[in-house]
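> Sharing a structure with you now.
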Amino acid sequence: MFNNKIKISNKIIDHNRCFIVAEISANHNKNFNILKRFLLELKNAGVDAVKLQAYQANTITIDCKSKDFLIGKKNSWSKYNNLYKLYKKAETPIEWFPKVFKFCKKINLIVFASVFDESNLKVLEKLNCPAYKIASPEITDIPLIKKVSKTKKPIILSNGLSEFKDLKLAVNTIKQKNNKLIILKCTSSYPANLNELNLNTMIDIKKTFKCLSGYSDHTLGIHAGIHAASLGASMLEKHVKPSGVKSVDSFFSITINQLKIMINTIRQNEKSNGIVSYEIAKSSKKNMNGRRSLYVVKDIEKGEKFTKNNVKSIRPCYGIHPKFLDFFLNKKSLKDIKYGSRLKWEYIKK
């Protein structure tokens, strides 16, 4: 059984609020000064956490020009020719991680990382990384998942390149050692098309695997992320880019201004969730006179019968409840009653 509340650093993740993660990926453009300024911007924008990707080109692939390692012409990153060149361009230098974690601690910003191999896991453990992401291409790397599970730290797992059986195997592997799991529905295309998101799967993941679920968003713009949060995403991950930076991932990343709008919209939407309550809202009570009740709509003489012609259910609400209309009908009035009077029990009972 996985926890329905998970703590990353000093923040709780549950079903009631969307935990928003800014994915930095390659958008630092290998410039540490750009990254520091960017982290401050993300902090001020209101993200809950930022995420790095902990790999090096030589730990994720090999520098090989055979067909298997070439990037197809239809791929968004085809200009880099082979996988090694792409990852070499996109990698975050391993020597940056201690400095990044130290800086984020200074500005009170949660930082964690996607981990792609054991060597980077060791580095991150020394830095006391508070959580780990398993990217969807690594979902079949069961030895890595076992190692990460043993840390007992929260695990975020993307399903973008997994079949159901792959996801089930990864989840069962994690379950053996770890009870802190968030599964992110993901469509691993860049940018992702709206008609392939299938966000209802995010809801089904929560039911099927009995864990928190969320959404890793690769679409253009912010609408899909906002919608996912409204559907109940416990976590939303979105690629964000600094102003003026053109990087490996910038073409599908949102700007800081878009991020601010997205976060503000989600937080405003969350206010409307509230609690389960069937009470009339405090601000609505001034409009109670809009409810119906029983009124005399035609002068009635003493001894005259109440009928549907002289008594009706109308607004406002100060008369007797409309459910008693049938009880009054055909009974004789004990008094003369003026048009517009509230119907009262004393008119039929002494």
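> 5 Å is the cut-off here: which amide hydrogens, built 1.01 Å from N in the peptide plane, fall below it relative to L184, excluding neighbours closer than 5 in sequence?
Hits under the 5 Å cutoff: L157, S158, N159, G214.
> Calculate, for Y190 and W96, the FRET efficiency according to 1/(1 + (r/R0)^6) with r their C-beta to C-beta distance and R0 25 Å; round to the nearest 0.05.
Numbers: r = 24 Å, r/R0 = 0.95.
Here the calculated transfer efficiency is 0.60.
> Which one is right for this structure if Kirkwood radius over Cα pairs in Å is calculated from it: (i) 21.9; (ii) 20.3; (iii) 23.8?
Entry (iii).
> Given H placed on each backbone N at 1.01 Å, which residues far from V311 in sequence or on other chains put an amide H within less than 5 Å of it?
Under 5 Å from the amide H of V311: V297.
> Explain nothing, just the number: relative contact order of region 282-347, from Cα pairs under 8 Å at least 6 residues apart, as a whole percent.
Numbers: 132 pairs, mean separation 27.3, N = 66.
Rounded, it is 41 percent for region 282-347.
> Between I261 and D204, take the C-beta separation as r, use R0 = 25 Å, and let me know the FRET efficiency to the nearest 0.05. Write out the running numbers ahead of the final one.
Working: r = 29 Å, r/R0 = 1.16.
The pair I261/D204 has a calculated efficiency of 0.30.
> Okay, helix-only estimate at 222 nm for the chain: each DSSP H run of n ≥ 4 adds -39500 (n - 2.57), divide by all residues, round to 500 deg cm²/dmol; what do you get?
Numbers: 11 runs with 105 residues, N = 350.
When only DSSP H runs of four or more count, the value is -8500 deg cm²/dmol.
> What are the residues whose amide H is under 5 Å from the amide H of A131, where those residues sit 5 or more places off or on another chain and H is modelled from the backbone?
Excluding prolines and chain starts, which carry no amide H, the hits are A113.
> Given R₀ = 41 Å, what would the calculated FRET efficiency be for E346 paired with E279, taking r from the Cβ atoms and rounding to 0.05?
Plugging the Cβ-Cβ distance into 1/(1 + (r/R0)^6) gives 0.85.
> Report the local net charge at K177: Lys and Arg +1, Asp and Glu -1, summed over other residues whose C-beta lies under 9 Å from its C-beta.
Working: positive: K146, K150, K152, K175; negative: none.
Local charge sum for K177: +4.
Quick note: the coordinates plus some simple rules give every number you see, no bench work behind them. If you're wondering where the values come from, they're calculated on a predicted model, not measured in any experiment. Neighbour counts run over all protein chains shown; Cβ positions are idealised from the backbone, glycine included.
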